[in-house]
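Each remark here refers to the structure printed beneath this line.
The values are calculated or read from the model by the stated rules, or taken from the named source; none is laboratory data. Nothing here was measured: the structure is a model prediction, and the numbers come from that model. Cβ sites come from the backbone with ideal geometry, for glycine too, and all protein chains shown count toward neighbours.
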Amino acid sequence: MLFVINESNPVETFFHMHNVPFPLDMIFMDDEFKVIDVKRGNPEDDKIEGVASYVLEVNADSGIKVGDEADIEDEEDEEYVMKVLSPDGTVQMHLEGGERIVSRKETVVLIKKALKAASSKEDKDYKALGKYIFKVLKG
């Protein structure tokens, strides 16, 4: 998710990780989308502070580092589109107009089931996760 803080110049900002059950990389960028700081946000962190014009929130251990530059398309005639990426970086889906793939409640349940399956490594937990995912997607 991209947060616009102050497009004209970087300013002090902060984020809270309340109710976020997984770690994230917080990518602090200047007004030209150059990475000026990368901080890891862990579940329930009270405050992640930095100076930025933009902050990009991505999965933890992203490999993004200070000095990298983001290529953000800013075409006035083009609508903003969120791209859902697969682990190899290819685009799986385009989301336009603020659609949600699943509800917030379903997202919480999916995360809990995924964490349970990952920690137990039992087939029954993976099957329960798979069944729930298909139920949600069918809906």
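Within the range 1-48, can you find the residues that are among the basic types (Lys, Arg) and surrounded by 12 or more Cβ atoms within 10 Å (Cβ to Cβ)? Walk me through it before giving the result.
Filtering the range 1-48 for residues among the basic types (Lys, Arg) gives 34, 39-40, 47.
Result: LYS34, LYS39, ARG40.
How about the range 1-19: which of its residues are of a type outside the set (A, V, I, L, M) and closer than 30 Å to LYS113 by Cβ? Quick ask: steps written out before the conclusion?
Within the range 1-19, the first condition is being of a type outside the set (A, V, I, L, M), and the residues that meet it are 3, 6-10, 12-16, 18-19.
Those that are of a type outside the set (A, V, I, L, M) and closer than 30 Å to LYS113 by Cβ: PHE3, PHE15, HIS16, HIS18, ASN19.
If you take the residues in the range 91-100 that are within 16 Å of the chain's Cα centre (by Cα) and either assigned by TED's automatic domain parsing to the domain that holds LYS131 or surrounded by fewer than 13 Cβ atoms within 10 Å (Cβ to Cβ) (or both), which one is modelled with the highest pLDDT?
Of the range 91-100, the ones within 16 Å of the chain's Cα centre (by Cα) are 91-95, 98-100.
Adding the requirement that they be either assigned by TED's automatic domain parsing to the domain that holds LYS131 or surrounded by fewer than 13 Cβ atoms within 10 Å (Cβ to Cβ) (or both) leaves 91-94, 98-100.
On the way: VAL91: 79, GLN92: 76, MET93: 72, HIS94: 71, GLY98: 56, GLU99: 58, ARG100: 64.
The residue in question is VAL91.
Which one is nearest to the chain's Cα centre (by Cα) among residues in the range 1-18 that are closer than 9 Å to SER53 by Cα and outside any strand (DSSP E or B)?
ILE5
From the list GLU69, GLU73, pick out the single residue that is more than 20 Å from PRO23 (Cβ to Cβ), among the acidic types (Asp, Glu), at pLDDT 70 or above and out of contact with any helix residue (DSSP H, G or I) (no Cβ under 9 Å at 6 or more places or on another chain). Write out each step before concluding.
On the way: GLU73 fails: at pLDDT 70 or above.
The conditions single out GLU69.
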